[in-house]
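Here is the structure we will look at, set down as structure tokens.
The values are calculated or read from the model by the stated rules, or taken from the named source; none is laboratory data. The structure presented is a predicted model; accordingly, all values stated were derived computationally and were not measured. Positions of Cβ are backbone-derived with ideal geometry, glycine not excepted, and every protein chain shown enters the neighbour counts. Side chains are part of the model used for accessible areas, which takes the heavy atoms of the whole protein and leaves out ligands, DNA and RNA. Shrake-Rupley method; radii C 1.70, N 1.55, O 1.52, S 1.80 Å.
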Number of protein chains: 2
Amino acid sequence: MLELNTAVIQTQPEFGDIGGNVERALAMIPPGCDLAVLPELFATGYQFLSRDEALGLAEDPRSGGPVMSALGATAASTRTTLIAGIAERDGDRVFNSSVLVRPDRSWEIYRKVHLFWNEKEIFDPGDLGFPVFEACGTRIGMMVCFDWIFPEAARTLALAGAEVIAHPANLILPWCPAAMITRSQENRVFTITANRIGSEERDQPALKFIGMSQIVDPLGEIVVRLDSEREGAASAALRVREKDKLITPTNDLWKDRRPDQYDC
Amino acid sequence: MLELNTAVIQTQPEFGDIGGNVERALAMIPPGCDLAVLPELFATGYQFLSRDEALGLAEDPRSGGPVMSALGATAASTRTTLIAGIAERDGDRVFNSSVLVRPDRSWEIYRKVHLFWNEKEIFDPGDLGFPVFEACGTRIGMMVCFDWIFPEAARTLALAGAEVIAHPANLILPWCPAAMITRSQENRVFTITANRIGSEERDQPALKFIGMSQIVDPLGEIVVRLDSEREGAASAALRVREKDKLITPTNDLWKDRRPDQYDC
């Protein structure tokens, strides 16, 4: 069993102020943290008015940039694995991505598969599936915001061995915090949803983000949950048991699956 | 759009008193009901001490029996489609099944795929997949109790066109009523969970059933929910929109699925 010191960071970015947003967010990481999860698009803000605007504010992690540099420097100095949502540029494509940055500055990426509302006009849909990565002594998968409503996202990650699902988000619909409890239970994994607060007025209609960032354990217990109003970090020491899918003495959620009876 | 008068029936069966249990349960069906859902194993009770005891109390719907006769007679006289959990005998096999009985006395069956705890010593695992049936003007799928924790069950039914998922249950774990909200949301279907109350003392440990029978709409709103203490029926007129999977102007939950990115 692994004891993992985790934190979920809830922020209120100002659109386009990459330097300020990154500095404020990274300053909120508690000391002694093995893994910290930040919101979707934490550096840029959410409500791009056009694909060109997103391309202009995005960066390519393969060639570096201010956001990846700051994440790498902070991961190294604090010995924390960081997960954060970024606008990712790859040539003329732009993705709503989540990066995982280890203390040795090595990094991994997930590209949001299920785009929400007018994100479809801004971003390219993710094309890397739902990969799972070794980090801070365990196996971590990432999904971003609206991926929550598709059970296949968390299912794919958990079946591939993820013990922790990190979930940067910019939630506006009210249902996700409760649904992530089900995601944890059905897959027996920790889920860490890092959401933002505040609103953005750049377009009609203005969007109001719901906060309620949380960490949920494999039984569906809410370990910590923030409110809808304040920026902040919440910490939790998680006891990660590897491949523990036993829900009763005779029910192992993996062995009990019956794919021959499913058509989905 | 179809307006469907539905009811969920919450009972407290006495183990082995098939005649009394069936009579009390069917008397609770409200008048003017198109579809009523009763709990798992509503006629026999739950806690069989052996497979032989289950075989002895089960009946084969193909050759009739007191439970199927009563369901058929009540469906015909009340013009209600009935869904109820029964112990089903088929030769020397015995299933924890759910039957759908139409007012014309035609019937369909689902055999519980995911057996819970020591049900594995009593019943054979379901072998009919998750079929969807035409009834009372819409398409109905069935799942039984513990099937709730496997997202593939409701997913298979909804992808096959179910607009209503009927869910007879004998719940003892506390999580299902909330999880069924997620099942409704992620699949945009109505879910009707009919649970029992009370406890059975036949074996160690005694089981306490949680009630909280409910009907949830495709947005995840609880239309009706009963408590954990009392028998009773709750009615709801449901407005069933066919194949309505649109969650935002640009997000259709079916068209947005990306099976090429899943591995589950």
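A loss of 30 Å² or more of accessible area (1.4 Å probe, protein heavy atoms, ligands and nucleic acids excluded) relative to the isolated chain is seen in these residues of region A:103-120: A:Val113, A:His114, A:Trp117, A:Lys120. Rounded to 0.05, the FRET efficiency of the B:Ser77 and A:Lys208 pair, given R0 = 35 Å and the Cβ-Cβ distance, is 0.10.
Sorted from shortest to longest, the distances between the B:Asn118 label points of this copy and the other copies are 6.0 nm, with each point 7 Å from Cα along the line through the beta carbon.
P(r) tail for region B:1-149, what percent of Cα pairs lie past 20 Å? Intermediate values should be presented prior to the final figure.
Values: 4820 of 11026 pairs.
So the pairs more than 20 Å apart make up 44 percent of the total in region B:1-149.
For A:Ser50 paired with A:Lys255, estimate the spin-label separation in nm (one decimal), with each label point 7 Å from Cα along the Cα-to-Cβ line. A separation of 5.9 nm, rounded to one decimal place.
For A:Met1, the point set 7 Å out from Cα toward Cβ sits 5.2 nm from its twins in the other copies, listed from shortest up. Amide H to amide H distances under 5 Å link B:Leu246 with B:Leu253, where only residues 5 or more positions off or on other chains count and H is placed in the peptide plane. Burial annotation for region B:169-218: residues with an accessible-area loss of at least 30 Å² between the isolated chain and the complete set of protein chains, computed on heavy atoms with a 1.4 Å probe, are B:Trp175, B:Thr182, B:Gln185, B:Glu186.
When ranked by the protection proxy of mean other Cβ atoms within 10 Å per residue, highest first, what sequence do the peptides B:163-173, A:242-252, B:85-95 form? Each step should come with its number before you reach the end.
Details: B:163-173: 26.7, A:242-252: 14.2, B:85-95: 20.5.
Put in order of decreasing packing, that is B:163-173, B:85-95, A:242-252.
Taking 17 Å as the straight-line reach from the Cα of B:Lys245, the aspartates and glutamates in range (excluding those fewer than 8 positions away in the same chain) are A:Asp147, A:Glu152, B:Glu163, B:Glu186, B:Asp217, B:Glu221, B:Asp256. Association of chains A and B removes close to 3900 square angstrom of accessible area from solvent, both sides included, for a probe radius of 1.4 Å. Using a probe of 1.4 angstrom and keeping all protein chains present, the accessible surface of region B:2-261 works out to 35 square angstrom per residue. Three semi-axes describe the equivalent ellipsoid of region B:2-261; taken as square roots of 5 times the Cα gyration tensor eigenvalues and ordered largest first, they are 28, 20, 18 Å. Element breakdown for region A:2-261 at a 1.4 angstrom probe: carbon and sulfur atoms account for 51% of the accessible area.
In nm, one decimal, shortest first: how far is the label point of A:Gly32 (7 Å from Cα along Cα to beta carbon) from the matching points in the other copies? For A:Gly32, the other copies' label points sit at 6.4 nm, shortest first. Taking 27 Å as the straight-line reach from the Cα of B:Lys243, the lysines in range (excluding those fewer than 8 positions away in the same chain) are A:Lys112, A:Lys120, B:Lys112, B:Lys255.
Taking the centroid of alpha carbons for each part, region B:11-74 and region B:183-214 are 16 Å apart. Taking amide H as placed 1.01 Å from N in the peptide plane, the amide H of A:Val113 sits under 5 Å from that of A:Gly126, A:Val144, each at least 5 places away or on another chain.
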